[in-house]
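Have a look at the structure below before the remarks.
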Protein chains: 2
Amino acid sequence: MKRKGIIIVVSGFSGAGKGTIMKELTKRYDQYALSISATTRNPREGEENGREYFFITTEEFEKLIAENGLIEHAKYVNNYYGTPRKYVEEKLSQGIDVILEIEIQGALQIKEQYSDAVLLFVMPPSAQVLEKRLRGRGTETDEVIAKRLARAKEEAVGIEKYDYIVVNDDLDECVEKVHEIIGSAHNTPDRNADFINEMREQLGKF
Amino acid sequence: MKRKGIIIVVSGFSGAGKGTIMKELTKRYDQYALSISATTRNPREGEENGREYFFITTEEFEKLIAENGLIEHAKYVNNYYGTPRKYVEEKLSQGIDVILEIEIQGALQIKEQYSDAVLLFVMPPSAQVLEKRLRGRGTETDEVIAKRLARAKEEAVGIEKYDYIVVNDDLDECVEKVHEIIGSAHNTPDRNADFINEMREQLGKF
């Protein structure tokens, strides 16, 4: 079976650890590429242009929208976030699975355009663990943590729109689970239409 | 996450090796139970009642149908084949995944009653390999082989009704692939409704 690249959309509560999981996944396996989003928000300390995000101006972002250069975009806390089309399409055509770490609005935009995209939602083992992790970072004020928990409540409404949930209890197990889920998604009939049709054709010759 | 048992329906071309795969799977992992079908056909050499099949009379079979004691049944080459309900329900309630090796008619009956059932279709790497395997058994006449290939052509029409296809090239890899596919199926939102609702409830308390 010739494997076609598929888009993997990863969402999840802030603090659920999705960034860490995806970085580890791409480190372990060659078959994945991590898409880098463009944003108009300011870089945080330690962030680098072209690594965490492409940091661009609002004018540049709006030009990309106008040119259909983004496969999804959303506004969140007054800033634009979006996924450049070129990189994604290039990787898919090479048979590489492209991972996008985006929010639900973007996830649903992707599913509309790429019906074979796989939507994953990363969850903590419990809400208590989530709160503890958010506090544990030690970098955020109570107000910010309260905001994130409120945001998690909102995000939790959309979980049923996703194809799979992944519980991040143990990082290593979670990375392997994600790898297995994506591997399994490659085995649906709709993602193997060519192989199935070829089999039918061959059988027809007997 | 508390894991609920799900039904795994396995179909595939005769000669694709689905029996061997499933036997090996249940040998390797405790979480699976193989359902044994009832049939009115005569036992073949080496087959034992209660191992390959429950061999029963047509009268007994029709009584089971009347009592709603089968979760699916079909007639194929003048014989009844069906799955007794009791064993399946017992295992599911224990959190064990029950594997049914049945044909497409039965598979679709199951999906109607158990919407969370996972339907797998086992395929050979190519039609040529399938023919070779059927001949390789050395036990069948050309006429029987021709009939089976004709049957495979018919079965190939329904592949898109299945959730996943599995290519049986290497037995060991194939068994692991099936295990991963079933494991992934356990991670869909609809199979974790309780966990998701509990998370929402917990988040609501902050």
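The values are calculated or read from the model by the stated rules, or taken from the named source; none is laboratory data. Small disclaimer: the values here were computed from a predicted structure and weren't measured. Heads up, the Cβs are rebuilt from the backbone with ideal geometry, glycines too, and the neighbour counts pull from every protein chain shown.
Below is a table of values for the structure above.
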read-out	value
Scope the stretch B:45-100; condition among the β-branched types (V, I, T), out of contact with any Ser or Thr (no Cβ under 6 Å at 6 or more places or on another chain) and at pLDDT 95 or above; matching residues	B:I56, B:T57, B:I65, B:I96, B:I99
Residue match in the stretch B:121-141 (condition: within 27 Å of A:A185 (Cα to Cα), of a type in the set (V, I, T) and within 14 Å of another protein chain (Cβ to nearest Cβ))	yes
Check on B:K111, under 16 Å from the mean Cα position of the chain (by Cα) and either of a type in the set (D, E, K, R) or within 14 Å of chain A (Cβ to nearest Cβ) (or both)	yes
Breaking point among (1) in a helix (DSSP H, G or I); (2) within 9 Å of another protein chain (Cβ to nearest Cβ), for B:V166	(1)
Selection count where residues are in contact with a helix residue (DSSP H, G or I) (Cβ under 9 Å, 6 or more places away or on another chain) and farther than 17 Å from B:A107 by Cβ, scope the stretch B:4-26	7
Matching residues, the stretch A:142-165, being in contact (Cβ under 8 Å) with a residue 40 or more places away in the chain and farther than 27 Å from B:S184 by Cβ	A:R148, A:R151
Any hit, the stretch B:192-206, residues being under 14 Å from the mean Cα position of the chain (by Cα) and more than 10 Å from every other protein chain (Cβ to nearest Cβ)	no
Strands (runs of 3 or more DSSP E) lying entirely in the stretch B:74-157 (those with 3 or more residues that are among the charged types (D, E, K, R) and out of contact with any Phe, Trp or Tyr (no Cβ under 8 Å at 6 or more places or on another chain))	none
Residue match in the stretch B:51-58 (condition: among the aliphatic types (A, V, I, L, M) and under 17 Å from B:Y164 (Cα atoms))	no
Total residues in the stretch B:154-163, condition surrounded by 17 or more Cβ atoms within 10 Å (Cβ to Cβ), charged (D, E, K, R) and within 8 Å of another protein chain (Cβ to nearest Cβ)	1
Residue match in the stretch A:176-184 (condition: within 20 Å of A:I110 (Cα to Cα), more than 8 Å from chain B (Cβ to nearest Cβ), out of contact with any helix residue (DSSP H, G or I) (no Cβ under 8 Å at 6 or more places or on another chain) and part of a helix (DSSP H, G or I))	yes
Test: B:K27 is part of a strand (DSSP E or B) and over 14 Å from the mean Cα position of the chain (by Cα)	no
Evaluation of A:R28 against (1) under 27 Å from A:R3 (Cβ atoms); (2) surrounded by 15 or more Cβ atoms within 10 Å (Cβ to Cβ); (3) at pLDDT 95 or above (one fails), failing number	(2)
